[in-house]
Amino acid sequence: MPQEPSHRPVAKRLRQFAKNMRHEPTDAEAAMWRLLRDRRLSAFKFRRQVPFKNFILDFVCFEKRLVIEIDGSQHVESRRDAVREAALSAEGFSIERYWNNDLLQQPTSVLEDILAKLGAR
């Protein structure tokens, strides 16, 4: 019996874009990854810049179906973000957004909030 693929099929272009984003993170994304990588946050496994459907998720914990987005001012009232959130919610994900400045200036507060969200899921 053939084994099912471990990953969902993703367009090659989107996969390459995600790979490029992993190699060139913003300051805030790099700071968040230092806090989440290697199961540093209460042993929860996070992945970064993950292609999923037609989107790239900044950070995701598949175990808890939690997506963390680190946003700059370009995301204020973005219609594309609303469509994306609806699609991810339909897949059972919860999406939490944090502003770049909040993460860079108050990383402990952001991590405490993420831990609370993980505990609630």
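With respect to D102, determine if the residue is among the acidic types (D, E) and modelled with pLDDT under 90. So D102 does not fit the description; no. Elements of the type helices (runs of 4 or more DSSP H) sitting completely within the stretch 20-121 and holding at least 2 residues that are more than 26 Å from P9 (Cα to Cα): these cover 27-36, 100-105, 107-120.
Are any residues in the stretch 99-113 closer than 20 Å to E63 by Cβ and either of a type in the set (A, V, I, L, M) or touching a helix residue (DSSP H, G or I) at 6+ places or on another chain (Cβ under 7 Å) (or both), and if so, which ones? Of everything in the stretch 99-113, those that are closer than 20 Å to E63 by Cβ and either of a type in the set (A, V, I, L, M) or touching a helix residue (DSSP H, G or I) at 6+ places or on another chain (Cβ under 7 Å) (or both) turn out to be V110, L111. Condition check for R37 on (1) in contact with a Phe, Trp or Tyr (Cβ under 9 Å, 6 or more places away or on another chain); (2) buried (at least 17 other Cβ atoms within 10 Å of the Cβ): one failure, at (2). What are the residues in the stretch 56-74 that are out of contact with any strand residue (DSSP E or B) (no Cβ under 7 Å at 6 or more places or on another chain) and modelled with pLDDT under 90, if any? If the condition is that a residue be out of contact with any strand residue (DSSP E or B) (no Cβ under 7 Å at 6 or more places or on another chain) and modelled with pLDDT under 90, then G72, S73, Q74 are the ones that fit.
The values are calculated or read from the model by the stated rules, or taken from the named source; none is laboratory data. Since the model is a prediction, treat every value here as computed from it, not as a measurement. Cβ: placed from backbone, ideal geometry, glycine included. Neighbour counts: every protein chain shown.
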